[in-house]
Every structure is written in structure tokens, then in C-alpha cells.
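Mind having a look at this structure? Questions to follow.
FYI, it's all coordinate maths here, none of it is from the lab. Here the structure is a predicted model, which means the values were calculated and not measured. No Cβ is skipped: glycine too gets one built from the backbone with ideal geometry, and neighbour counts run over all protein chains shown.
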Amino acid sequence: MTDPAPARPPVHVAAIMDGNGRWARRRNLPRTEGHTEGEENLARLVRVAVTRDIGWLTVFGFSTENWVRPRTEVRHILGLHRKLFGRVAELNDLNVRIQWMGRPFDSPDARTPKYVQRAIRKAIADTAQNTGMVLTVAFDYGSHAEMVWAARHAARSEGAVTPASLGAHLYLPELPPVDVLVRTSGELRISNFMLWQSAGAEIYFTDCAWPDFDAGELDAALALVRP
Ligand code: FPP
């Protein structure tokens, strides 16, 4: 009798979803249409990711630096987050648990509006029972803010700050290290995303714009850790 193939350990994929604006411009569409398509593509990609032994998918939805964008664009992206966190039925069908990371709602510099907070809290509660892939959306997130937060809390509770104590005070300390970090749309930058968690990650840079990032692209990224 042959032994069954050993199960592949689940991996952590993180994505900087860039290029929505350029995707729209190439089609003579407003930038907001690019973001709308970017959110739709994330929903499509989640359906693919659950078939690929991905344990954790973490995406950069909105950064601490993105608040300076034009008001109408920011409002549109916030609405898309409410839409994404409202996809509870889909997530439950896929056994996906959603979570969020960013500046804690009650911290002095946090900027997540109340209606997005409500959507986030509800989606987290309504998918908490799922045991499959964990989808983490980084919103009002920046690595520098996170590391300052973690260092302050580590110093308060343990005194000497060490890699272990700092890691234990990140926004989501249970998130495992990132295995593959994806950045779409031809930019070769990390842009303050998961700097601590990506210390040992492979990096997949692609020219593909986020709305076009499909199963083939995901498989190319995964090939970096599963040759
Ligand atoms: C970058 O495109 C994208 C962002 C501002 C963050 C990602 C946002 C989305 C994918 C839309 C909604 C997503 C969620 C998770 C609800 P860009 O505007 O920088 O594109 P450009 O560089 O081509 O202008």
C-alpha cells in the first residue's frame, strides 16, 4: 500500500493590491471603477485561494498613508470595505474566517469611521466559527504605526523589548510569518506593509494590475515557496 502524499503545510500569502487606478485609466474609466473591480477581484481570488492550501491571506486594503487621497476616492474605497466585510454568506460558504488589522479603533490616531468599524466587527463575529482559510484585511494599517504600538506595549509589560516580546504585541500576534509577499502593477516597493512579519518572505513582483491578478498569477507566486 502506498502512503498518502504528505499534506502540504498551509502558507501565508500577503498582497499589496496595487494598480487599480492604472487599470481604470487604460480603459478610460474613473479611478473608482478600478477600485470597484479590485474589490471584486479580491472576492474572486479568495475563492481560488481556498483551493490552494493557503492558510492565511492578508491584503492591504487601505494604509495609514492613503487618507491624503481625494475625498471622493477615499469615500469610495471605504464603501468597498463595507461591501467586502458584508460578504459574510460567501465567506461562510467557503469556511473562511475574516479578520482586520490596523490602528486600534480606540487609539488616538485611529481613523476608521464608525460605519466601517461596525461592518468589520459584524463580519468578524459572523465568520468566527469558520475553520478554513483566514482572510485578514489591513485597513488604516501601516507597519511603522504597528511597530511603535508593539514596542510601547512590550516595554510596558515586559520591560526589555526583545524580538519575541515585540512580536507578541503586534496587532495580530497569532498571524504566522508571511511566506510570500505579492506586489502587483510593476512597483518594486513594500510601502510600509507587514515589515516585521515579512522579514523572511519571498517576494513576488508582477506587472499585472490587481484587478487582473488571477489564479495563474497566484500559482506563480506560490511557486516561489512550493517549487
Ligand atoms: C492601489 O491602487 C490600491 C489601494 C488604494 C488599496 C487596495 C484597494 C482595493 C483593492 C480596492 C478595495 C479593496 C478592498 C479590500 C475593499 P492605486 O489607486 O494605487 O492604483 P494606481 O497606482 O494605478 O493609481
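With the contact rule set at Cα under 8 Å and sequence spacing of 6 or more, what percent relative contact order holds for the stretch 136-227?
26 percent
Still on this model: Nothing charged except the Cβ atoms of Lys and Arg (+1) and of Asp and Glu (-1): what's the magnitude of the dipole of the chain about its Cα centre? Round to the nearest 20 debye.
Details: 27 positive and 26 negative charges, 174 e Å.
Rounded to the nearest 20 debye, it is 840 debye.
Next up: What longest range of the chain stays clear of loop-exposed GluC sites (Glu not before Pro) (DSSP non-H/G/I/E/B, at most 15 other C-beta within 10 angstrom)? Mind showing how you got there, number by number?
On the way: sites that count: Glu65, Glu174, Glu187.
Between exposed loop sites, the widest span is 66-173.
Using only the Cα atoms of the stretch 1-146, what do you get for the radius of gyration and for Dmax, in Å?
16.6, 64
Further question on the same structure: Would any residue of the stretch 6-31 have its amide N under 20 Å from a label point 7 Å out along Cα→Cβ of Asn95? List them or say none.
6-13
Could you run the Karplus curve 6.51 cos²θ - 1.76 cosθ + 1.60 with θ = phi - 60° over the stretch 184-198 and give me ³J(HN,Hα) per residue in whole Hz, x for Gly and Pro?
Working through the residues one at a time gives 8, 6, x, 8, 10, 9, 9, 6, 6, 10, 6, 5, 5, 6, 9 Hz.
With charges only on Cβ, +1 for K and R and -1 for D and E, what is the dipole size of the stretch 13-124 about its Cα centre, in debye, rounded to 20?
Values: 21 positive and 12 negative charges, 67 e Å.
With Lys and Arg at +1 and Asp and Glu at -1, about 320 debye.
Collect residues whose amide H, placed 1.01 Å from N in the peptide plane, falls under 5 Å from the amide H of Ile203; neighbours closer than 5 in sequence don't count.
Sorted by chain and number, the residues that satisfy this are Leu181.
Quick check on the stretch 173-227: take the gyration tensor over C-alpha atoms, sort the square-rooted eigenvalues as a ≥ b ≥ c, and tell me if it's rounded (a/c under 1.5), prolate or oblate.
Since a/c reaches 1.5 but b/c is at least a/b, the shape of the stretch 173-227 is classed as oblate.
Could you please rank Met101, Met133, placing first whichever residue has the fewest other Cβ atoms within 10 Å of its Cβ?
Met101, Met133
Then there is this: If packing is taken as the average number of other Cβ atoms within 10 Å across a peptide's residues, how do 79-85, 220-226, 108-114 rank, most packed first?
Highest mean packing first, the order is 79-85, 220-226, 108-114.
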